[in-house]
Amino acid sequence: MTTRRTVVQGLAVAGVMAALPGFPSAAFAQSTTAADLAVAGPLGDVWMGKEDAKVTMIEYASMTCSHCAHFHEKTWPTLKSKYIDSGKVRFTLREFPLDPLATAGFMLARCDGNDKYYAITDLLFDKQREWAFTDKPVDALSKLMKQAGFTQEKFEACLKNQQIYDAVNWVKDRAAEKLGVNSTPTFYINGQVQRGALSIEELDKILTPLVGG
């Protein structure tokens, strides 16, 4: 049985990322239903935007995915201001860690419940190169988390939390097995799958007809 010890052991090997598991074929995504997508993980979804928005957008991402970081640097600010803050789109970010370090990042984002989820995931995406691609990623991640108010004791305790570890991996495993997610970022926009770090221009073409101009 995989436990949180896997995270700790994986993090101890600086610069080494776990091999990607053999995910199901993307063909499974063709049978995705609204009911399938509506199932949140054990820790719940953290939604942004109006509950009655015309468009629901779900992103599956990995904290160590450079394409995900690119999306959140280049596309996310405009997506948030133009569509989410204006009430046109309801958005949530779901965990799909591709390696132990990414799992740790999501665990830290969930450590204080959901109140700081986006503050921490935004921080980790913004500073990804400073912690995810260094010789000593654990030390770099610990240092970065101090900016979010974590003590070293809290940092270590969070990464030993079996409940959070299991919950993060439950979301990833279900997305792979049930939805056919096999890469990051993967988006579901009103149930339709879109893969890759979409530009705001690409999103405009998808969202404009859905939100009514």
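What does the charge count near residue 53 come to, summing +1 for each Lys or Arg and -1 for each Asp or Glu among other residues with Cβ under 10 Å from its Cβ?
Its environment carries a net charge of +2.
Note that segment 113-189 presents 48 Å² accessible area per residue, ligands and nucleic acids not counted, probe 1.4 Å.
Once all protein chains are placed together, residue 139 keeps about 100 Å² accessible to a 1.4 angstrom probe. For residue 208, the accessible surface of its heavy atoms amounts to roughly 60 Å² (probe 1.4 Å, protein chains only, rounded to the nearest 10). Counted over segment 69-169 with a bin width of 10 Å, the fraction of Cα pairs per bin, in whole percents, is 14, 47, 30, 9, 0. Computed from backbone phi, the HN-Hα couplings of segment 109-120 come to 5, 9, 5, 9, x, 9, 5, 10, 4, 6, 4, 7 Hz, rounded to whole numbers (Karplus: 6.51 cos²θ - 1.76 cosθ + 1.60, θ = phi - 60°; Gly and Pro given as x).
The accessible surface of segment 79-184, taken with every protein chain in place and a 1.4 Å probe, is 45 percent carbon and sulfur.
The values are calculated or read from the model by the stated rules, or taken from the named source; none is laboratory data. Because the structure is a prediction, the values reported are computed rather than measured. Every residue, glycine as well, gets a Cβ built from its backbone with ideal geometry; the counts of neighbours run over all protein chains shown. Side chains are part of the model used for accessible areas, which takes the heavy atoms of the whole protein and leaves out ligands, DNA and RNA. Shrake-Rupley method; radii C 1.70, N 1.55, O 1.52, S 1.80 Å.
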